[in-house]
Structures are given as C-alpha cells and as structure tokens.
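Only one structure is covered here, and it is reproduced in the block below.
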Amino acid sequence: MQSAEEKFAQWTGFYQRAQAILRAGPRALKKLNGAEITRLIDDYQALTADLARARSLGAARETVDQLNRIAVAGHNLLYGQIRLRESAAAARGFANFAGAVRRHAWAVALSAVMFFGPAVASFVAVQIHPSLAYDLLADEFLDFDPASPDNLHSIPSLARPVVSSLIISNNIQVTLLAFGFGLTAGVGTTALLIFNGIHLGSVAGWMSLHGKDRALWGWIMPHGATELLAICLAGAAGYMLASAIIVPGRLRRATALKRVGGEALTIELGCMVMLVIAGVIEGFVSPSAIDYPARIGVLLASIALWALYFFGAGRDRGARPDEPPSD
Amino acid sequence: MDERVFISTPDHVTLEFELAGPGSRFSAYVIDFIFSVVLIVIVALALYASGAIVSLRSLLGAAKSGARSASWILALLVLIVFLINWGYYVLFEGLNKGSTPGKKRVGIRVIRQDGLPIGLPEAALRNLVRAADMLPPPSYILGGLVMHFDPQGRRLGDMVAGTCVIVEKFDLAAQGASGAAWASRVEQGRSREALTLPRGAISPQQIGLIERYLARRHQLSEERRAQLAWQITEPLLALLGQDHDGVARRADRGAYCEALLLQVIELTQTKTPSITIAEKTPPPASLF
C-alpha cells in the first residue's frame, strides 16, 4: 500500500521520465536496461489502473485529467515503437512508386483521358476554327514566337536557372492542386486536367496553324514526356482520393481515404521528383542549341526510361507485404 | 463536432483528448501565416545581401559571371519561397510531433487517431491536400464545413492522413497532489468511507468536494477562493468542533477554513489525527 506522497511521487516520476525519453527520440527506449524497462511498465500499469478507477469511481475531473495526461505520455512512449516499424514500411512504400502506379492503372488511364482528350479536341478545333484560339488563349500566346531555326526557344542562357526554378515550382503547384482537389470527389481534379489540356492543345493548334510545328515540337519534346506523364500521375493520385469518397465500399469515407492516402502520397511525391527532372530539362536542354534529331533522341530516351521504370521496377519482389489487408 | 475524443489502446486503457475548436485552429493558422511571411522576408533579405556581395565582386571581375550567379540566386529564392509555402507545415509538424510555432503558441497539437504523435508521412498528407480544404480559396469554407459535421472535428486533410487536432495544455505541478491522495485512499478501500469524527461523519461526497476545491484553489481569484473555502467549511464547523460565529467573524476566514479543509484531507489519508479535535461538549438542551 502506498501513501499519498509515494503515489504522487510515482506518478510525477513516471511522467518526467516518459517525457525525457520521448524528447530524446524514438530510439532512446532501446538504450534502457531490463530493470528500467520493467519499472516503466510497472509504473504505467499502476497508473492506468489508477486512471480506470478514477473514471469508474467518479474521481474529480482534475484527477482524471491529470492521470489521463500521464497515461498519454506513457502510451506514446511504450507504443511509440509502432511508429519505427511503420516508418520503415512507409520508406519501402515510397520506394515502390512504380508499383503504386501499376496498382492504380485505372486512375492513370482516367487522368490521361481527362487531360489528353481535351488537348486533342482543342488542337483539332483550332485547326478547323482558328478564331476559337482568340477565346481559348491569352494574348501573349497569340503572338508567341519562340521559333527561329537556330534558337528554338527564346530563353537567354543567363535567365535559364530562374526560368527552370519557376517552371518547377509552378508545375509542382499544379500537381499538388490536382492531387488535393481529388477530395472534391474528383470534380476539381477533372476541371484542372481539362483546363490544362485545353490550354496545351490550343497553343499547339495555334502554332501548328501558323507553320511553326517544328519549333513547337522541338521545344516540347525533350521535357514533354516526363512533364505530361507527371501531370497525368498527379491527376491519378487525385482520382484515387476521389474514389475513396465516391465508392468507399463497406468502409466509412474517412477510413477509405486514410487507406488510399499512403499510396496516393507516394505517387504525388514521385510526380514531384519527375517534375524537378522535367523542369531542369525544360530550363536548360529545351532552349539550348541542340538540333532536331537530338531532341527526338531525348524524347525517345525519356519515354524508354519511364516505360522501363513503371513496367519493371519493384516487380520481382514477389508478394506485396506492404499492401493493406483487405477486410 | 464533439468536445472530446476517446482512444482505446490495445491494453484496454481509454485515453481522452480534448479536441481543438475552429477558433484556436484559426488563430494558430494566422500566427503561422505571419511567421511564414516573416521567414520568406528574411530569406529574401539574406539572398539580396549575398546578391549585393556578388555584384560588388562582379565589378572587380568579369561582369558576366556576376550576372550568372545573380540568376542562380534568384532561382534559389524562387525555390525557397515555394518550399516555405508548401513545406512549412509539413516540416514543422512532421519533425516537431505535430506542432508548429502557431500551434505551440495556441496550445494545440496534431496527433494520429491512435493517440501517437504524427511523423513526416502524416504531416505531408494532411498538408499537401490543403488546397481542397481551402476551397473556395482562401476561405477554408469546405474544410470548415467538413470540420463542423465531423464528430472528431477533422478537416479533409486530417481524414486522409488519419489525424486530429487536440488541446495540449497541461501542467503537472498545477494539478497538485490531491488526486494521488484520492487514489491511495481508493487503493486502501476507503474511497467510499465517510470520515467518522467524534461528533459525526463527513460524507464521501463532501470529501470529494473538498479534494476538488483543494486541487483547483490555486487557479481561483483570492476573493473566490476565500468565499468557496467558507462555503465548503461552514456546514462542517460543528463537526470539527469550531465555533461557527467565531470563525465567521475572523479576518483571515478563507485561509483559516482552507487550513481546516487540509486537515480533514490529512485525516482521511492517515486516520491518525495530528490535530486535536475539540473535546466533545454536551449537546445543547433539546426542546423536545
């Protein structure tokens, strides 16, 4: 039997030790010896017993709060090891970007249709009715003239670092919006994809109409495959979130969202890496003086690399231990 | 939304958290917004200063190389501003157990729904989808509506990440030792016992009331503290053998009553009186 003073000393002692170990980081628990661990667990169990009694026997609100807060510290300490295991699993999940994309090919396909469909439609529409371009395009694109054979894109080499970083941050922002707007049941994601698709298609259509195909494609090709693929994947990540809201199955919507969230985040983070690569190419390679065949070479090489990555990477790992259990 | 959320742990302990309301979350947001703007200004000034040094050096050396590094510095600024815009919450919450400077100031924190502190993956998820909660930007109407109807007060980002925002304020010292006194009495099986004194008994409810008062007394104003002490002690004065009118007229009535209450609690814990209860006096002559 403990006196009140001993009991209070046990509570505060446990709370202070738990806080100190928590502050020292998740691995500090492993450095304790057996006796210290045993004492922590004994104190925690005594404390949680006190908490249970305090609730069921109707102790003062302050006492319940006090015990509860000490118990939270103890719980965070003793169960914090779950986090270590989980973060190892999360790291493996992030490494398996290609696997996540393969598992959600439907979302990628939907996203590609929503992006390239309007792009092709507006390209064709501008060919048939050139006046449409005046509605679809901003003024700076109407007299956009990047093209002379020797300098395909008019970014002076001095400005290239700035342009590259502007492109990277702008593109990543677009993918973050496409991803987050998935939470509007996909409406926002769809609107964003269609809007960007129309923009791309009508710029291309307008320039093609004015006989600047070579300049246009020469400019787009080096970074285009990487950049457009990344936009489609971000749309796919958005549609994954949307699917949890529209068809949660037997789960609650919030639970379904949480379940799909990890893989959607993996895809979104992968997109960001892709866009950094694309932005560097767009800022430095696309505006450089390399000739047309070399540009086709860069395009083919990037397509081949991404195809190899998305169809091949992480496939030979056998069973998929990080897949959430189906229940 | 409710005010509290309960989390059951695997060892059947129920942990209780007070949810942070929209008001405190919004004020934390405002503080963080100001803080991130200040961060951006500091970075811009630092880069501007380094740019000035670069251009000074370019006067001495080749002008072209100076302009080139100025361009790189500007590129760096663009990337850093972008990183602060989107990464502020991810990094602070992810590396600081769900707390940002604003949240810390307001006294709230993000936790996982299993009660553990959040890490980088949760922080990234709940903040990278922020654009949806902000709709129509920058009003946060969608996120606010979802928060209002969710029992755990989660915005959309919280649902994706499996997190909620709770009130963090806690001071072990301020809570005091009266809880431990109660708990040790329970352990000895005396929680439901009345305290029997020579002149009668103090009921368990009255003891509970005294304990609650003693636990909270430091947070009360002087006036209120004295007043409550008197109200609680007054019915017990006869039992404690005190002269009602004498105590009522004392200048230090509040402090005196509080001392009496402390003695009562001490009695319930030790059952070996360290104070001398006044001699039992003959009961007043009954009218009947």
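The values are calculated or read from the model by the stated rules, or taken from the named source; none is laboratory data. The structure displayed is predicted, hence computed values, not measured ones. Note that we place each Cβ from the backbone using ideal geometry, even for glycine, and neighbour counts take in every protein chain shown.
Of all the criteria given as (1) within 21 Å of residue A:257 (Cα to Cα); (2) within 7 Å of chain A (Cβ to nearest Cβ), the one not satisfied by residue B:134 is (2). Being in a helix (DSSP H, G or I), more than 32 Å from the chain's Cα centre (by Cα) and more than 7 Å from chain B (Cβ to nearest Cβ) is not true of residue A:69.
Within the range B:244-267, the set of residues being charged (D, E, K, R) and either over 13 Å from residue B:181 (Cβ atoms) or at pLDDT 90 or above (or both) comprises B:245, B:249, B:250, B:252, B:253, B:258. Does residue B:194 count as more than 8 Å from chain A (Cβ to nearest Cβ) and either of a type outside the set (Lys, Arg) or out of contact with any His (no Cβ under 6 Å at 6 or more places or on another chain) (or both)? The answer is yes for residue B:194.
Scanning the range B:1-31 for residues that are in a helix (DSSP H, G or I) and within 19 Å of the chain's Cα centre (by Cα) yields B:22, B:23, B:24, B:25, B:26, B:27, B:28, B:29, B:31. Taking the range A:116-200 and the helices (runs of 4 or more DSSP H) fully enclosed by it, the elements with 2 or more residues that are modelled with pLDDT of 80 or more and of a type outside the set (Asp, Glu) are at A:132-136, A:160-180.
For the range A:42-85, filtered to residues that are modelled with pLDDT of 80 or more and acidic (Asp, Glu), the residue that is farthest from residue B:94 (Cα to Cα) is A:50. Which of the residues belonging to the range A:17-34 are within 38 Å of the chain's Cα centre (by Cα) and part of a helix (DSSP H, G or I)? Answer for the range A:17-34, where residues must be within 38 Å of the chain's Cα centre (by Cα) and part of a helix (DSSP H, G or I): A:17, A:18, A:19, A:20, A:21, A:22, A:23, A:24, A:28, A:29, A:30, A:31. With respect to being assigned to a helix (DSSP H, G or I) and either within 13 Å of chain B (Cβ to nearest Cβ) or in contact with an Asp or Glu (Cβ under 9 Å, 6 or more places away or on another chain) (or both), residue A:59 falls outside the description. State yes or no: is residue B:123 among the hydrophobic types (A, V, I, L, M, F, W, C), assigned to a helix (DSSP H, G or I) and either more than 23 Å from residue B:82 (Cα to Cα) or facing chain A (nearest Cβ under 7 Å) (or both)? Answer is no for this residue. For the range A:29-51, the criterion of being within 7 Å of chain B (Cβ to nearest Cβ) and either over 19 Å from residue A:13 (Cα atoms) or among the charged types (D, E, K, R) (or both) is satisfied by at least one residue. On inspection, residue A:261 does not qualify as touching a Phe, Trp or Tyr at 6+ places or on another chain (Cβ under 6 Å), surrounded by 21 or more Cβ atoms within 10 Å (Cβ to Cβ) and not charged (D, E, K, R).
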